[in-house]
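*Asks:* Structure incoming, see below.
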Amino acid sequence: MPWRVNKSMGMCLPCLGGAGEDAVETPDPETRRRQLAEAAEKRQKESSGRGIKNPEAVERKKRQQEEMEKQAMMSSSTSGGGGLRWQVG
């Protein structure tokens, strides 16, 4: 069984005749950080909507529920203090 030799193996440096023009430069750390943050946001958005037919409707309902809870807290706090009362005795 003859061995196959990869002709480009070991030619990773441009001075040795490798593919110098094909090399990809790594971006500076700030650009890299920004790209990673954008990718993380994109993944998070995709995973949050997974399995839901209409994610916008779910978000609307969630916001409405939060508003109702907020209004309930405001109305209970203005009508007599709300909250728990302690009996000391």
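*Asks:* Would you check if Ala19 is modelled with pLDDT of 90 or more and of a type in the set (A, V, I, L, M, F, W, C)?
*Replies:* Working: modelled with pLDDT of 90 or more: no; of a type in the set (A, V, I, L, M, F, W, C): yes.
Criteria not met by Ala19.
*Asks:* When only residues in the stretch 22-58 that are modelled with pLDDT of 80 or more and polar (S, T, N, Q) count, which is least open to solvent (accessible area, probe 1.4 Å)?
*Replies:* Thr31
*Asks:* Related question: Do we find that Met74 is of a type in the set (A, V, I, L, M), at pLDDT 80 or above and out of contact with any Cys (no Cβ under 7 Å at 6 or more places or on another chain) in this structure? Can you show your working first?
*Replies:* Values: of a type in the set (A, V, I, L, M): yes; at pLDDT 80 or above: yes; out of contact with any Cys (no Cβ under 7 Å at 6 or more places or on another chain): yes.
It is true that Met74 is of a type in the set (A, V, I, L, M), at pLDDT 80 or above and out of contact with any Cys (no Cβ under 7 Å at 6 or more places or on another chain).
The values are calculated or read from the model by the stated rules, or taken from the named source; none is laboratory data. Since the model is a prediction, treat every value here as computed from it, not as a measurement. Counting neighbours? That spans all protein chains shown, and the Cβs are built from the backbone with ideal geometry, glycine included. These area figures cover heavy atoms from the full protein model, side chains too; ligands, DNA and RNA do not enter into them. Shrake-Rupley method; radii C 1.70, N 1.55, O 1.52, S 1.80 Å.
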